[in-house]
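Everything below concerns the one structure shown next.
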Amino acid sequence: MKTKRLRVFLPTLLVILFLYVVSRSIPQEAAREFIKQAGAFGPLAYILFSFLTYVIAPLSGTPVMFAGYYAFGNKVVFYGTLAAYLSFFVNFLIARKYGRPIIERLVGKDDIHKVDAMVKSYGLGTLFFLRIFQGAFHDFVSYAAGLTGMKFSSYIAVSTIAIIPGTFLWYYWTSKVSTPTEFTIISLIFAAVFSSTYILATLLVKKFRKNY
């Protein structure tokens, strides 16, 4: 049984290790030039890079986003959203099929507790607000949903509706910037504000319930 499991997980682990090493060894300028030189396939290259950062949580999406702005300007918001949306499908199905062991390998032992915390309070309502306010943790949200008994159709429907407001707000907030640095900073602030709003609202709701 152990040998069989090893045969299933070993190829996945090797791919993850390879992608992680590559992501750390390629300079940001090289990634930017690769995207530019891809021509008409540039958006697909960017979406693929972004998609990998959502599937393999230890990979940072910030350098990819920074490079993407050089190539596409503010439209990178929609490319990044599409990459995240595709990961909704993949991450959920990975978690549903392989369970917690593979998720721990994909997100890392240090971050698995984030998935555990989400699983404990999961429902469609929670999913909706997490998608809106916790965009920085889309990968963890998707993996957590896959570990629950939630129906895939309901999961996708709620995720699709919830991702729309944040995408257009993100596009609007970054529409006035003119440099990749400004774009990245505004994007990170946007994510931090939404995340803080969700955390504060959660604490207030818990306090209200406790008092009443």
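The values are calculated or read from the model by the stated rules, or taken from the named source; none is laboratory data. From a predicted model like this one, the values you see are computed outputs, not experimental measurements. Neighbour counts are summed over all protein chains in view; Cβ atoms, including those assigned to glycine, are modelled from backbone coordinates with ideal geometry. Side chains are part of the model used for accessible areas, which takes the heavy atoms of the whole protein and leaves out ligands, DNA and RNA. Shrake-Rupley method; radii C 1.70, N 1.55, O 1.52, S 1.80 Å.
Quick notes on this structure:
- Formal net charge of residues neighbouring LEU169 (Cβ-Cβ distance under 14 Å; K, R +1; D, E -1): +2
- Shape call, segment 32-160: gyration tensor on alpha carbons, a/c limit 1.5: prolate
- Sites ILE199 and LEU44, calculated FRET efficiency, Cβ-Cβ separation with R0 35 Å, nearest 0.05: 0.50
- In Å², nearest 10: area of ARG105 left accessible to a 1.4 Å probe: 110
- A 1.4 Å probe run over the protein chains yields, for segment 113-212, 57 Å² of accessible area per residue, whole-number rounding.
- Percentage relative contact order, segment 59-212, counting C-alpha pairs under 8 Å, at least six apart: 31
- For segment 112-128, backbone nitrogen atoms closer than 14 Å to the point 7 Å from ARG100 Cα along Cα-to-C-beta are found at 112-121.
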